[in-house]
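Since the structure comes first, as structure tokens, the remarks are kept for the end.
The values are calculated or read from the model by the stated rules, or taken from the named source; none is laboratory data. Keep in mind the model is a prediction, meaning the values are calculated, not measured. Note that each Cβ is placed from the backbone with ideal geometry, even for glycine, and that neighbours are counted across all protein chains shown. Only protein heavy atoms, including side chains, enter the accessible area calculation; ligands, DNA and RNA are left aside. Shrake-Rupley method; radii C 1.70, N 1.55, O 1.52, S 1.80 Å.
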Amino acid sequence: MSAADLMDFSPEIAEARAERKPIVALESTIITHGMPYPRNVETARMVEDAVRAAGAAPATIAVIGGRIRVGLDRNEIESLGQLSGGVVKASRRDLAPVAARHGAAGTTVAATMFIAGLAGIEIFATGGIGGVHRGAEETFDISADLVELSRTRVAVVCAGAKSILDIEKTLEFLETQGVAIVGYRCDEFPAFYARSSGFKLEHRCDGLRDLARMIRLQRDIGPGGLLIANPVPEDHALEEAMIEGRIAEAVAEAKAQGVAKKEATPFLLQRVVELTGGRSLEANIALIKNNAILAAQAAGELARL
Ligand code: PSU
Ligand code: MN
């Protein structure tokens, strides 16, 4: 038995694989733990449609009934979204325990990358990656996403990392782990809600063809994937001073309430949405769509290389 024996492909993804059409992997923790119902479900469907409109097949990945599912139908997205808190947040290490008890889970960036790699999917779009949490020098809270990037040959498109994290330490950790990062039409690592973080990137790419060549080369060289940083669209970026203040409040509340480990990221995401009166949610939705479209376009270029 291998992980491949646990995988089921939706008809759409099975066909795309057979015909070697471009495919974009999408994560599902954002559905189960990253956004409130029903916006989570609406967003997941909208993002899938944006990928299709850009000429690729969307493979939303999750665990359902103990099976690793690559490509979900609309009803499955709806029921995952409704379960919200009732379903496991699965990082790579949770896959076997959840599958063994025939459970359901949203997959994080780490778990989704791992599964996409097994399925031969070259590119994956998310909103923001996990990272090194503020105070990690005490807690050691460093997302498994960063380690997965160092060992799985899947390119990940993201809008950077939220400043609920320590962006400087996140970039240092990625360097230690040998993870290649490229800014797509930007010189700084973006800060999710904001287009820049003040931290310079060493590599930049301005066109889809160049990006596809870089992705393919990274795949050839390995052992990790390419992290593609794609800033939030200008018209959806939030003012940095406002969002920084709200994030600092959320981080302080998490500390005071002793929220830690895998609950930390979902707690902080939810509090920031509440503290910004929903404005951060709108930015989040816009940047995910933007990332999915870039990933679909890059997947198209990859298919033509
Ligand atoms: N960042 C976001 N939205 C999210 C997540 C991160 O802006 O929904 C989710 C992703 O699935 C990511 C996970 O892989 O949180 C990271 O969790 P942790 O920090 O526990 O590794
Ligand atoms: Mn963590």
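Rounded to the nearest 20 debye, the dipole size of the chain about its Cα centre is 660 debye, using +1 on the Cβ of Lys and Arg and -1 on the Cβ of Asp and Glu. A helix-only calculation puts the chain at -14000 deg cm²/dmol for mean residue ellipticity at 222 nm, using -39500 (n - 2.57) for each DSSP H run of at least four residues, averaged over all residues.
Here the Kirkwood formula, the inverse mean of 1/r across different C-alpha pairs, assigns segment 62-191 a hydrodynamic radius of 15.7 Å.
State to the nearest 20 debye the size of the charge dipole of segment 1-64 about its Cα centre, where the only charges are +1 on K and R beta carbons and -1 on D and E beta carbons. Could you put the intermediate results ahead of the total?
Numbers: 6 positive and 9 negative charges, 33 e Å.
Once rounded to the nearest 20, the dipole reads 160 debye.
The share of C-alpha pairs in segment 103-150 whose separation exceeds 14 Å stands at 56 percent. Extending 7 Å from Cα along the Cβ direction at residue 140 and again at residue 93 yields two label points whose distance is 0.9 nm. Rounded to the nearest 20, the Cβ-based charge dipole of segment 201-298 about its Cα centre (Lys and Arg +1, Asp and Glu -1) stands at 520 debye.
Computed FRET efficiency, Cβ-Cβ of residue 21 and residue 74, R0 30 Å: what is it to the nearest 0.05?
On the way: r = 20 Å, r/R0 = 0.67.
E between residue 21 and residue 74, to the nearest 0.05, is 0.90.
Ranked by the mean number of other Cβ atoms within 10 Å of their residues, highest first, the peptides 132-138, 122-128, 288-294 come out as 122-128, 288-294, 132-138.
Only alpha carbons enter this Debye calculation for segment 121-181, each as an equal point scatterer, and the log10 of I(q)/I(0) it gives at q = 0.26 Å⁻¹ is -1.16. Whole Å is fine, so just give me how far the alpha carbon centre of segment 1-80 lies from that of segment 255-281. The two parts, judged by their Cα centres, are 25 Å apart. Translational diffusion coefficient of the chain (Stokes-Einstein, Kirkwood radius from Cα pairs, 37 °C, 0.692 mPa s): 174 µm²/s. Take the Cβ atoms of residue 255 and residue 172, set R0 to 25 Å, and the FRET efficiency comes out at 0.65.
Rolling a 1.4 Å probe over the protein heavy atoms of segment 210-305, with every protein chain left in place, gives an accessible area that is 53 percent carbon and sulfur. Candidate cross-link partners of residue 89 among the lysines, defined by an alpha-carbon separation under 29 Å and a same-chain spacing of 8 or more, comprise 162, 169, 255, 261, 262, 289.
Within the chain, DSSP assigns beta bridges of which about 30% are antiparallel (rounded to the nearest 5).
Distance from the Cα centroid of segment 112-144 to that of segment 179-223 is 16 Å (rounded to whole angstrom).
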